[in-house]
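Peer 1: My questions all concern the structure below.
The values are calculated or read from the model by the stated rules, or taken from the named source; none is laboratory data. Fair warning: this is a prediction, and the values are worked out from it, not measured in the lab. Here the Cβ is made from the backbone with ideal geometry for all residues, glycine too, and neighbour counts use every protein chain on show.
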Amino acid sequence: MTIIQQFSRQLEQEAQTTRKMLAIVPTDKYDWKPHEKSMTMKRLATHIAELPSWIKMALTTDELDFANNPYQQENVSNTGDLLDYFEKTLEEGKSYLKEEYADKLSENWTLRSGDTIYSVEPKIDVLRMSFSQIIHHRAQLGVYLRLLDIPIPGSYGPSADESF
């Protein structure tokens, strides 16, 4: 199995769990956040939904410069929109996990804001980081939902809300 095939397989596996989590985000709690420094539920869920689009960005660009590309969150108004957005970015991400991009994986990619460089990493590491971001933020979302007493679906086996 090639590294591209491995990434594709992992993306599909993580998408199943991500889809379950995003599907239970209550629209009436979009503005809720557990702490003043935390993202709102809507911002966190939308960020999770957009992360598969980072695959295209990593493979087709050499950098992300926040100074020239200010962050603009997708505007979703309900959980149906959120899931539609996730499916759109997921399909886009999948479409770039092709062997024709394998030779790009060793090229460097830079994350910066103007002259401030946050990281310079091979694109393969940027893909790994993107997948890790999905998992990390999905776990954060699980905490948000748990604090609201919303039953959590299992990720890699049953959750405390599911029976074995």
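Peer 1: Restricting attention to the range 83-127, and to residues there that are β-branched (Val, Ile, Thr) and farther than 20 Å from ALA49 by Cα, which single residue is farthest from the chain's Cα centre (by Cα)?
Peer 2: Ranking the qualifying residues of the range 83-127, first place goes to THR116.
Peer 1: Here are some conditions: (1) farther than 24 Å from GLU12 by Cβ; (2) at pLDDT 95 or above; (3) in contact with a helix residue (DSSP H, G or I) (Cβ under 6 Å, 6 or more places away or on another chain). GLN73 meets all but one. Which one does it not meet?
Peer 2: (2)
Peer 1: Here's something else I'd like to know. For the subset of the range 1-16 comprising residues that are buried (at least 17 other Cβ atoms within 10 Å of the Cβ) and either modelled with pLDDT under 95 or among the aliphatic types (A, V, I, L, M) (or both), which member is farthest from LEU145 (Cα to Cα)?
Peer 2: Residue satisfying both the conditions and the ranking: ILE4.
Peer 1: Are any of the residues in the range 75-88 farther than 29 Å from ASP161 by Cα and surrounded by 15 or more Cβ atoms within 10 Å (Cβ to Cβ)?
Peer 2: Taking every residue of the range 75-88 in turn, at least one turns out to be farther than 29 Å from ASP161 by Cα and surrounded by 15 or more Cβ atoms within 10 Å (Cβ to Cβ).
Peer 1: Where the second residue is basic (Lys, Arg) and in a helix (DSSP H, G or I) and the first is more than 21 Å from ILE135 (Cβ to Cβ) and at pLDDT 95 or above and lies in the range 17-38, which pairs have Cβ atoms under 9 Å and are six or more apart or on separate chains?
Peer 2: THR27/LYS42; LYS29/LYS42; TYR30/LYS42; TYR30/ARG43; ASP31/LYS42; TRP32/LYS42
Peer 1: Say we look at the range 89-110 and pick out the residues that are of a type in the set (A, V, I, L, M, F, W, C) and crowded, with 17+ Cβ neighbours inside 10 Å; which of these is nearest to VAL25 (Cα to Cα)?
Peer 2: Only one residue fits best here, namely LEU90.
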